[in-house]
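Here's the structure, in structure tokens; my notes come after.
Only the coordinates and a few stated rules stand behind these numbers; no lab work does. Please read these numbers as outputs of a predicted model, since none were measured by experiment. Glycine gets a Cβ as well: all are built from the backbone with ideal geometry, and neighbour counts include every protein chain shown.
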Amino acid sequence: MASITSVRGFKDILPEETAKWRYVEETARRVFACFGVKEIRIPLLEKTELFKRGIGEATDIVEKEMYTFLDRGGDYLTLRPEATASVIRAYLEHHLYTKEPLSKLYTMGPMFRRERPQKGRFRQFHQINVEFLGLDDPRIDSELIFMLIHFLRAVGLEDLTLEINSLGCPLCRPAFRDRLTSFLADKENALCEDCRRRLGTNPLRIFDCKQEGCRETIAGAPLILDYICDDCDAHFKEVQRHLDTLDTPYRVNRRMVRGLDYYTRTAFEVTTSALGAQNAVTGGGRYDGLPKLLGGPDIPGIGFAIGVERLISMQPAGAEGSNANPDLFIASLGEKARDFAYGLSNRLRASGLIAEMEFSDKGLKSQMKRANKLGCRYTLIIGENELATGNAPLRQMDGGEQRDVALSSPRDLSAILRTGKTNT
RNA sequence: GUGGGUGUAGCUCAGUUGGUUAGAGUGCCGGGUUGUGGCCCCGGAGGUCGAGGGUUCAAAUCCCUUCACUCACCCCA
């Protein structure tokens, strides 16, 4: 009978990797707390309608990548493909906007998209999301970006490129869109098959195409920045001015666009060459129309999403945390000694120390081997003799120094272990 | 959804133009040496060669199908 494996694109995160994950998550919590960003936890499952409205009916995510099913009650439900729509739903549903003029929220967890897996892309993947809701002050944009860069540096990332652009607003973007479409209208033959399709659905995305012919064609195309309205232009200039003030280097990428419909004005991306084709670690931007689109008041917002798998895969060695090594290994020879070791190790654990013991009746040599492999700081050896005399040798694994401890007073033992602990 | 690459021991991989009982390193188990662990030495266990079918006297090797993994397109974090 064939063994059962995990679902395609759904990965196990094994104990040897979880320390890295915790390190990233804990760093995020610490950094975000300094900036007054509070955690919000949202469900993994939402009504399908939320994503249809929030992300856009015509996007690939909604059209063909969502895990959607008909619930027994008759509702169509969907495993969340992103977090922003849910966060705003919760923000509106609980009227958080009545409590404070600006809500800074973060959440982290798995997202689900049924794409073909490849490097840096999985069907279940994890994001860290931050949303600043309530104000459209350009200082908010710059603060969010500043915090993002600060966080990425704090987890040890280097060689990052921050690119920003403005996508305009519902007042000025339609005009640009028309302009672009008419520019491309007579050049359709020069475009690849995909781009011809995009011409009808989402012409801005042609800027992202990697095909040689399309790149040449788009090179002469009008750019959004030349068409945005005065308000959007002023907003974008202010964002840049504040980024300068905060010493955050960036590059204006006049060709950068977004895949999701809800983005307005400021858009940004952090990329790296270390990730292969999926080179975006972070994408984000302003979405001033989204809360209203989801049935709430007209409240502005801006946010970003970090791809945690991508972030972790580009972390330099040594920057990540590690799982704690045991303080003590208790080697035992014989059933009685093993019983004693069992009682002692569990009491030590309950007192806050990390203790390991051997359950098999292997020889001392192989027990020592295991203690060494586990990276234990001390090994205590208990045999018939030790039980009789009441003293057992405690060996320091790195230095090799050895001394006897009284088995009758585990407090002494625990004191020795603790002093060592504070010293290291 | 479309294309390329790869599936041999727990892990990383050899396996020549098809040719006896399919190998190495590492890990695991046992033993020797060592002051009770790291180094070294000896021995041992472990493989439906991804799966199914075909060609052949003979298939890990050639052909077809299928599945999985992987990279890229698409899309996006």
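Taking label positions 7 Å along the Cα-Cβ direction at both A:Arg347 and A:Thr18, the computed distance is 2.9 nm, reported to one decimal.
Please give every one of the lysines within straight-line cross-link reach of A:Lys187, meaning a C-alpha to C-alpha distance under 20 Å, and leave out same-chain neighbours fewer than 8 residues apart. Partners found: A:Lys210.
Could you sort the peptides A:146-153, A:173-180, A:403-410 by per-residue average Cβ neighbour count (10 Å cutoff), highest mean leading?
Details: A:146-153: 19.4, A:173-180: 16.1, A:403-410: 13.5.
Highest mean packing first, the order is A:146-153, A:173-180, A:403-410.
Quick check on segment A:26-163: what does the Kirkwood estimate of hydrodynamic radius come out to from the alpha carbon pairs, in Å?
Numbers: mean 1/r = 0.0601 Å⁻¹.
It works out to 16.6 Å.
Using the empirical formula 2.2 N^0.38 Å as the baseline, the Cα radius of gyration of segment A:300-371 reaches a ratio of 1.85. Under the simplified labelling scheme, the A:Asp208-A:Lys292 pair shows an inter-label distance of 2.5 nm, with each label point 7 Å from Cα along Cα→Cβ.
Derived scalar couplings between HN and Hα for segment A:167-179 equal 9, x, 10, x, 7, 10, 5, x, 4, 5, 4, 4, 4 Hz in order, rounded to whole Hz, by the Karplus curve 6.51 cos²θ - 1.76 cosθ + 1.60 (θ = phi - 60°), x for Gly and Pro.
Fully extending the segment from A:Thr161 to A:Asn325 would add 55.4 nm, taking 0.36 nm per residue of separation and subtracting the current Cα-Cα distance.
When only alpha carbons of chain A are considered, Rg and Dmax amount to 28.4, 96 Å. A straight line joining the Cα centroids of segment A:289-362 and segment A:48-85 runs 33 Å.
Our estimate of slack between A:Arg418 and A:Leu45, defined as 0.36 nm per intervening residue step minus the Cα-Cα distance, is 129.7 nm.
Looking at chain A, identify the longest residue range that excludes and avoids all GluC sites (Glu not before Pro) in DSSP loops having at most 10 other Cβ atoms within 10 Å. The partial results should precede the final answer.
On the way: sites that count: A:Glu57, A:Glu401.
Longest stretch, sites excluded: A:58-400.
The amide H of A:Met66, built 1.01 Å from its N in the peptide plane, has A:Arg114 as neighbours under 5 Å, considering only residues 5 or more places off or on other chains.
Are there trypsin sites (Lys or Arg not before Pro) in segment A:107-142 that DSSP puts in a loop and that have at most 12 other Cβ atoms within 10 Å, and which ones?
Numbers: sites: A:Arg113, A:Arg114, A:Lys119, A:Arg121, A:Arg123, A:Arg139; in loops: A:Arg113, A:Arg114, A:Lys119, A:Arg123.
Loop-located and lightly packed - A:Lys119.
Each principal axis of segment A:114-158 carries a Cα extent, and these read 39, 27, 12 Å when sorted largest first. If you plug the beta carbon distance of A:Glu65 and A:Asp231 into 1/(1 + (r/R0)^6) with R0 = 25 Å, you get a FRET efficiency near 0.15.
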